Amino acid sequence: MWMLPGDPLELMLLGERVTPERMKELKKSWGLDQPVYIQYFYWLSHVIMGDFGYSIVTRLPVSQLIWSRLPYTIQLTFTALVLSYVFGIPIGVVAALKRGTIIDNIIIGAATFFYSMPTYWLGLILMLTFGLYLKWFPISGATSLESMVLPLLTLTLPYVAMSARIVRTEMLEVLTEDYVRTAWAKGLPSRRVILRHALRNALIPLTVMFFLYLPWIIGGAVIVETVFAWPGMGTLLYKSILKQDYPVVQAIVLVITILTVVCNILGDIVSALLDPRIRVEKGA
């Protein structure tokens with residue numbers, strides 16, 4: 001951020017006549033006249049106390065700006081996370097049960113396509129197709145539930161694909177286990193064998209992946225919100241970078257970093273609780 005050309009105060013005062021003396025006073029009041037490392041430690045010492053400072057551009061508390069945008073990001077990311085499981089799990093189960101058939105090939109091909117496509121490119125395709133050409137949905141803003149459809153699809157489709165592939169792989173492995181074969185041999189109904197015996201164990205990795213998905217989806221939301229002008233933290237981060245609003249950028253990056261670390265720790269804990277083999281391996 002500090003290596004970028006330009007000055008946040010100059011951008012903020014663009015069009016105003018400010019004397020050099022006044023500019024020096026403003027830089028001193030914001031601490032921008034200090035070396036970068038001093039500015040960083042000053043900011044860090046206040047963050048520890050729960051003070052993220054003030055936005056250079058809007059002059060509002062950074063925490064207020066984040067809290068005003070956070071509900072939109074939570075609405076988008078958690079809905080995408082839930083939908084990725086709601087659709088990804090049954091699709092993965094069908095692909096595993098139809099292994100080697102045309103249905104399996106179509107599912108794997110579609111999953112690979114959506115998972116490999118860059119988020120911004122997928123968003124632009126959906127925007128052009130369903131927003132500009134067909135005019136089914138709004139292409140920007142958050143004025144109604146319809147405004148949420150395109151950004152939600154953009155964010156959800158890659159994770160539906162990932163969830164489906166994980167479930168398919170785990171189901172194929174579980175279906176070869178002895179206890180599943182025994183259940184089949186006893187003549188238990190197929191639905192009971194699949195749901196009660198096979199799927200329950202196949203979902204353990206996907207349960208752990210929930211905590212890994214969350215920071216990934218929030219990271220992807222930064223791009224999606226920017227493409228569709230969704231008023232969440234991603235748009236705030238993007239605009240703050242353009243305007244070199246250091247306090248806002250640092251605060252949002254810190255929040256995402258802490259969330260990533262916490263989710264990884266929770267993922268390890270849940271993995272150990274659900275799969276006793278991991279506890280045995282770590283204990284050994």
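Here, each number is a calculation from the coordinates, and none is a lab measurement. Keep in mind that this is a model prediction, so the values were computed, not measured. Using ideal geometry, Cβ is built from the backbone for each residue, glycine included, and neighbour counts are taken over all protein chains shown.
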Could you tell me the relative contact order of segment 62-283? Use alpha-carbon pairs under 8 Å, at least six residues apart, and round to a whole percent. 28 percent
To the nearest 0.05, what FRET efficiency results for Asn105 and Glu173 with a Förster distance of 25 Å applied to their C-beta separation? 0.80
Under a plain spin-label model, where a point goes 7 Å from the Cα along Cα-to-Cβ, how far apart in nm are Arg191 and Val270? 2.8 nm
The set of residues whose placed amide H lies less than 5 Å from the amide H of Tyr54, leaving out same-chain residues fewer than 5 positions away, is Val62
What is the sum of charges around Thr235, taking Lys and Arg as +1, Asp and Glu as -1, for the other residues whose C-beta is under 9 Å from the C-beta of Thr235? +1
Between Ile204 and Lys135, how many nm apart are label points set 7 Å from Cα along the C-beta direction? 5.5 nm
Within a 10 angstrom radius of the beta carbon, how do Ser144, Ser163 rank from fewest other beta carbons to most? Ser144, Ser163
Expressed in nanometres to one decimal, the distance between label points 7 Å along Cα→Cβ at Met117 and Ala229 is 2.3 nm
Sorting Ser271, Ser55 on the 10 Å Cβ count, fewest up front, what's the list? Ser271, Ser55
